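**Student:** Can you keep this structure in mind? I'll have questions shortly.
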Amino acid sequence: MANHGAVQVEKNLNTRTLILNRAHKLNALSSQMVSRLHEVLIACEKDPEVKLVILRGKGKAFCVGGDAAQTILDSTGGRWRLSARFLWNLYSLVYRISTLNKPQVFAMPETLIGVVPDVGASFFLSRLPGFFGEYVGLTGAKLDGVEMLACGLATHFVPSIKLSLLNEALNKVNTSDPVIISAVIDEFSEQPPLKERSAYRRLDIIDRCFSQRTVEYVISALEIDSVKAEDAWISEAVHWMKKASPLTLKVFLKSIRRGRLQGLNQCLAQEYRTSSHGLQDGQDTFEGIRANLVRKDHNPKWVPSRLELVTDEMVDRYFSKVDDEYFSKVDDDEWKDLVLPVRSNSSTSIMAKL
C-alpha cells in the first residue's frame, strides 16, 4: 500500500482502493488530499489495467467534504487566494470523480448533509424523489443507510460484518462492466425496512410543504401540518430551519431550484460562485463555522437575523459572477468563475452504504 499522508492507495490486481485517512477530522479534505486524489485518479484513468476504483474513509465517516474550518482560517487577513484556489481544486476534483472513465464504488459508513449546497449538492439533491432534496438541504437532516437507499443516494446496503468479504470479492473483479460489479455487491447486500418514524415515509407532507415558493412559506406550511399531524419530525424540521442562517436558507433554496434545470458542471460552477461570495462577503459563513466548528458554543449570530430581513438583492449577490465589478474592488485577478473542461466520459458510481 502506498501511503501519502492522509490518502492511502491500495493496489490489488485490477482494482485501486483510495482510503481517506484523516479520521480525527472525519476525513475532511485538505488541499494536500485534494491534490493527491487528483493525481491518483488521473493515473487510474490512464492505466488500462485498472478496471475499478474504490473510495472509502477510515473511521466513522467517509468524508465530510472540504476542511471548512481551515478554509475560513485561510480566508482571514485578506488571504483570499488560498481559499479560492482550494475551492477551485475541490470542485474540479468532484467533477473528475463524476466523469471518471472507470466504475467507482464508494463505501460510506455515515452521511450528514448540511444546509449549504456544496460539492454538487444542488445537482444530486435536486434529483431526489419529489422535494425530498429540499427537506434534506434546508433542515440539515441526517439520513441513515436505509433512507439513503430508499431515496436513491445509495445503491446498496451492506452490513458491516460482510464488508471484508465484499472487499475481497471486489478486488478479484477483472472488468469495468458496472452490471457485473453491481451484481457482485448484490451478493452481500440487504434490503432493510425504513424506520416507522422516518421522514421518507412522509413524502406527501414533504412534497406539499417543501414545494412552497419561499422559505417562509415552507416553514408556515410545516407549522400548519404540525398542528394537524402532531408528528415529531415536522417539529424537528421547523426547529432546525429556525436555527439556521436565514440568508443561507434562501441561497440554498434558489440553488437547488436552479439545479433541477442544470447539468453537473453548471451546478458546480454555480456552487463555486455562492461559496466564493460566502468567503468574500458572507459574514454568516464565518459565524457558522466559528460557532459550530471552532469555539463550539453553537450560538451563531446571523446577519440578517430573521428571514423577513433577507432581501432578494442579498440572495442574488451570491449568484453573480465572481469576477464582476464587486470583486475588482479587492484587486485580486484570481477570483474568477469556475471553468470546467469538457469531458465526454460519464462515470458509473456505486454508493454502498455500509
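**Student:** Considering only segment 181-207, state which residues are more than 22 Å from residue 143 (Cα to Cα) and in contact (Cβ under 8 Å) with a residue 40 or more places away in the chain. Spell out how you get there, then give the answer.
**Tutor:** Step one: filter segment 181-207 for residues more than 22 Å from residue 143 (Cα to Cα), giving 181-184, 187.
The answer is 181, 182.
**Student:** Here is a list: 157, 124. Which entry is more than 15 Å from the chain's Cα centre (by Cα) and buried (at least 16 other Cβ atoms within 10 Å of the Cβ)?
**Tutor:** Working: 124 fails: more than 15 Å from the chain's Cα centre (by Cα).
The match here is 157.
**Student:** A further question follows. Anything in segment 97-112 that is at pLDDT below 50 and open to solvent by 30 Å² or more (accessible area, probe 1.4 Å)? List them, or say none.
**Tutor:** 110, 112
**Student:** In segment 139-170, which residues are in a loop (DSSP other than H, G, I, E, B) and more than 19 Å from residue 198 (Cα to Cα)?
**Tutor:** 158, 159
**Student:** Another question, if that's okay. Would you point out the residue of segment 176-188, among those that are open to solvent by 50 Å² or more (accessible area, probe 1.4 Å) and outside any helix (DSSP H, G or I), that is modelled with the lowest pLDDT?
**Tutor:** Applying the filter and picking the extreme gives 177.
**Student:** Any idea which of 59, 65 is small (Gly, Ala, Ser) and either touching a strand residue (DSSP E or B) at 6+ places or on another chain (Cβ under 7 Å) or open to solvent by less than 30 Å² (accessible area, probe 1.4 Å) (or both)?
**Tutor:** Only one candidate qualifies: 65.
**Student:** Continuing with this model, one more query. Among 247, 253, 268, 261, which is modelled with pLDDT of 90 or more, closer than 21 Å to residue 131 by Cα and either open to solvent by 50 Å² or more (accessible area, probe 1.4 Å) or in a loop (DSSP other than H, G, I, E, B) (or both)?
**Tutor:** 261
**Student:** For a quick check of your reading of the model, give me the residue pairs whose first member lies in segment 208-230 and is hydroxyl-bearing (Ser, Thr, Tyr), whose second is at pLDDT below 95 and open to solvent by 20 Å² or more (accessible area, probe 1.4 Å), with beta-carbon atoms closer than 6 Å and at least 6 apart or on different chains.
**Tutor:** Close Cβ pairs (under 6 Å, with a partner that is at pLDDT below 95 and open to solvent by 20 Å² or more (accessible area, probe 1.4 Å)) amount to 226/235.
**Student:** Another question, then. Would you check if residue 32 is among the polar types (S, T, N, Q), part of a helix (DSSP H, G or I) and modelled with pLDDT of 90 or more?
**Tutor:** Numbers: among the polar types (S, T, N, Q): yes; part of a helix (DSSP H, G or I): yes; modelled with pLDDT of 90 or more: yes.
Taking the combined requirement at face value, the residue satisfies it.
**Student:** Could you list all residues from segment 195-244 that are open to solvent by 40 Å² or more (accessible area, probe 1.4 Å) and either small (Gly, Ala, Ser) or part of a loop (DSSP other than H, G, I, E, B) (or both)?
**Tutor:** Hits for segment 195-244 are 195, 196, 197, 211, 212, 213, 220, 229, 230, 232, 235.
**Student:** Any idea which of 136, 173 is at pLDDT below 90 and either assigned to a loop (DSSP other than H, G, I, E, B) or closer than 24 Å to residue 242 by Cα (or both)?
**Tutor:** Just one listed residue meets the conditions, 173.
**Student:** Take the conditions at pLDDT 90 or above and under 30 Å from residue 253 (Cβ atoms) and apply them to residue 145. Does it pass?
**Tutor:** Values: at pLDDT 90 or above: no; under 30 Å from residue 253 (Cβ atoms): yes.
Criteria not met by residue 145.
**Student:** Which ones in segment 119-133 are in a helix (DSSP H, G or I) and either more than 22 Å from residue 98 (Cα to Cα) or of a type outside the set (Lys, Arg) (or both)?
**Tutor:** 121, 122, 123, 124, 125, 126, 132, 133
The values are calculated or read from the model by the stated rules, or taken from the named source; none is laboratory data. Everything numeric in this text was worked out from a predicted model, so none of it was measured. When we count neighbours, we look across all protein chains shown, and the Cβ atoms used for this are built from the backbone with ideal geometry, even at glycine. Ligands, DNA and RNA are excluded from the accessible area calculation, which covers all protein heavy atoms including side chains. Shrake-Rupley method; radii C 1.70, N 1.55, O 1.52, S 1.80 Å.
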